[in-house]
1. Filter K3/K153; K69/K149; K69/K99 down to the pairs with a C-alpha to C-alpha distance above 25 Å, please.
2. Taking the mean number of other Cβ atoms within 10 Å as a proxy for protection, how do you rank 87-96, 48-57 from highest to lowest?
3. Rounded to the nearest 0.05, what FRET efficiency is calculated for V18 and K149 with R0 set to 25 Å and r the Cβ-Cβ distance?
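The numbers here are math on the coordinates, done by the rules we state, and not lab data. Note that the structure is predicted; figures quoted are calculated from it, not measured. Reconstructed Cβ throughout: ideal geometry from the backbone, glycine too, with neighbour counts over all protein chains shown.
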Amino acid sequence: MSKNPLTRLLRFLFFAVVVRAVILVALGLTVRHRERLPKDGPAILAGNHNSNLDALAMMSLMPLRLLPKLRPVAAMDYFYSSRLRGWFADQIVGIIPVKRGSGKEGGNPLLLAEQALDRGEILVIFPEGTRGEPETLQAFKKGIGHLAKARSKVPVVPGSYTGSARRRRAAPPCSCRSTSSSASANRSTARSPMMPSSRSSKRP
């Protein structure tokens, strides 16, 4: 991310005004067990993935004072398909790009993510690797297990979303449930299922 004061101000305004207005007001995000979210980094926030808004939704749960430390991990080929999209993803959203398939070439596709954790940052990651169908959990990719093993003292905090994908089809407001894992148990957490909440989000 840029250290330019103007760019950092634009990022702050984007999340403080635009993202929070859309996620918390327009979509009506509700949160259970917010107190279990990490108070500081390094940490890994892991969630199920149903919508393009999931990363912004998870980042909106954290206090604005932690915004400089929030770094969603995302596919390079999707966000760097154009110069403008790449600039926005890098400078405003603050993604850590991952080149899909680079692990097969003998490299470490999560090297930048590991370095971010070493700097005390908070990663936002989706273990499924791509968007899936609402309320259906896909098999996890290897990335979350790799990070949990490579940085075994970093807590992994899993959370589940319901309704975020259906909202685009005029479904009830989405809800988010967050549960935590301790630093000593994060390896098993990375292999544990993270099922969406079975509690209906419909209102009377």
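1. Check vs 25 Å cut-off fails for K3/K153.
2. On the way: 87-96: 18.9, 48-57: 20.7.
Packing proxy ranking, top to bottom: 48-57, 87-96.
3. E(calc), rounded to 0.05, equals 0.10.
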